[in-house]
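The values are calculated or read from the model by the stated rules, or taken from the named source; none is laboratory data. Computed from a predicted model, the values in this text were never measured in an experiment. Positions of Cβ are backbone-derived with ideal geometry, glycine not excepted, and every protein chain shown enters the neighbour counts. These area figures cover heavy atoms from the full protein model, side chains too; ligands, DNA and RNA do not enter into them. Shrake-Rupley method; radii C 1.70, N 1.55, O 1.52, S 1.80 Å.
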Amino acid sequence: MGKIIFYEARNFGGQHHECMSDCSDLHSRFEQCRSIRVESGMFMIYDRPGFMGTQFYMKRGEYSDYMGMTGMNDCVRSCRMIPMHNGSYKMRLYEHFDMGGQMMELTDNCPNLNERFRMSNVNSCNVMDGHWLMYEQPNYRGRHYYMRPGQYKSFNEWSGSNSRIGSIRRLMDL
């Protein structure tokens with residue numbers, strides 16, 4: 001079970017709110033968030049309700065000034081707990097929408113998609129096992145997207161602004 005605590009002030013000050021599961025609308029619980037403590041588990045936070053908008057991965061640790069670290073604003077509007085996965089990992093990436101075109105399969109981390117597959121645009125994917133993070137830039141940098149098991153027929157379905165993906169990593173207790 002995971003636990004994340006949102007604080008209205010930097011350095012864990014002010015009012016706070018604890019979450020131990022998914023919360024699709026945090027706006028009613030606090031106005032702003034300046035620091036975060038993840039006591040256990042892994043979470044994705046979003047700047048819009050309903051798990052939409054800019055995403056940021058949070059693992060166990062203290063983020064006394066998370067705005068400076070993430071570049072996000074003070075509007076944390078939803079959060080999703082990432083469940084622990086003990087099995088295998090498997091993801092299929094497709095060149096075209098609706099699982100069409102060239103297909104590449106991943107079972108481990110890939111720090112540079114272009115070097116490994118000569119591909120940097122992913123228009124659809126099928127996450128068969130495990131939970132993953134896809135990054136727009138190589139070496140796990142830039143905007144990133146949480147991928148849980150299921151089919152994504154377009155990059156819009158993972159809230160991507162385009163099809164560019166530079167690296168992908170498995171979500172374990174990193």
What are the residues in segment 61-74 that are open to solvent by 40 Å² or more (accessible area, probe 1.4 Å), in a loop (DSSP other than H, G, I, E, B) and modelled with pLDDT under 85, if any? Gly71, Asn73
Check segment 13-20 and report whether any residue there is modelled with pLDDT of 95 or more, hydrophobic (A, V, I, L, M, F, W, C) and within 14 Å of the chain's Cα centre (by Cα). no
Taking only pairs six or more apart or across chains, which ones have beta-carbon atoms under 7 Å, a first residue in segment 43-56 that is within 8 Å of Arg80 (Cα to Cα) and open to solvent by 10 Å² or more (accessible area, probe 1.4 Å), and a second residue that is not in a strand (DSSP E or B) and not aromatic (Phe, Trp, Tyr)? Phe51/Ser24
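Against the definition (closer than 30 Å to Leu26 by Cβ and either open to solvent by 70 Å² or more (accessible area, probe 1.4 Å) or over 20 Å from the mean Cα position of the chain (by Cα) (or both)), how does Met91 come out, yes or no?
Working: closer than 30 Å to Leu26 by Cβ: yes; either open to solvent by 70 Å² or more (accessible area, probe 1.4 Å) or over 20 Å from the mean Cα position of the chain (by Cα) (or both): no.
Spelling it out, it is not the case that Met91 is closer than 30 Å to Leu26 by Cβ and either open to solvent by 70 Å² or more (accessible area, probe 1.4 Å) or over 20 Å from the mean Cα position of the chain (by Cα) (or both).
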On the basis of being under 13 Å from the mean Cα position of the chain (by Cα) and either closer than 29 Å to Arg48 by Cα or open to solvent by 70 Å² or more (accessible area, probe 1.4 Å) (or both), does Arg77 make the cut? no
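Among the residues in segment 17-28, are any assigned to a strand (DSSP E or B) and either among the hydroxyl-bearing types (Ser, Thr, Tyr) or surrounded by fewer than 19 Cβ atoms within 10 Å (Cβ to Cβ) (or both)? I'd like the intermediate steps shown before the answer.
Residues of segment 17-28 assigned to a strand (DSSP E or B): 17-19, 23.
Subset that is either among the hydroxyl-bearing types (Ser, Thr, Tyr) or surrounded by fewer than 19 Cβ atoms within 10 Å (Cβ to Cβ) (or both): 17-18.
Yes, segment 17-28 contains a residue that is assigned to a strand (DSSP E or B) and either among the hydroxyl-bearing types (Ser, Thr, Tyr) or surrounded by fewer than 19 Cβ atoms within 10 Å (Cβ to Cβ) (or both).
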All but one of (1) closer than 12 Å to Leu93 by Cβ; (2) at pLDDT below 95 hold for Tyr152; which doesn't? (2)
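Inspect segment 67-87 for any residue being free of Cβ contacts under 8 Å to residues at least 12 places away in the same chain and farther than 28 Å from Lys3 by Cβ and give the result as yes or no.
Looking for residues that are free of Cβ contacts under 8 Å to residues at least 12 places away in the same chain and farther than 28 Å from Lys3 by Cβ, one finds none in segment 67-87, hence no.
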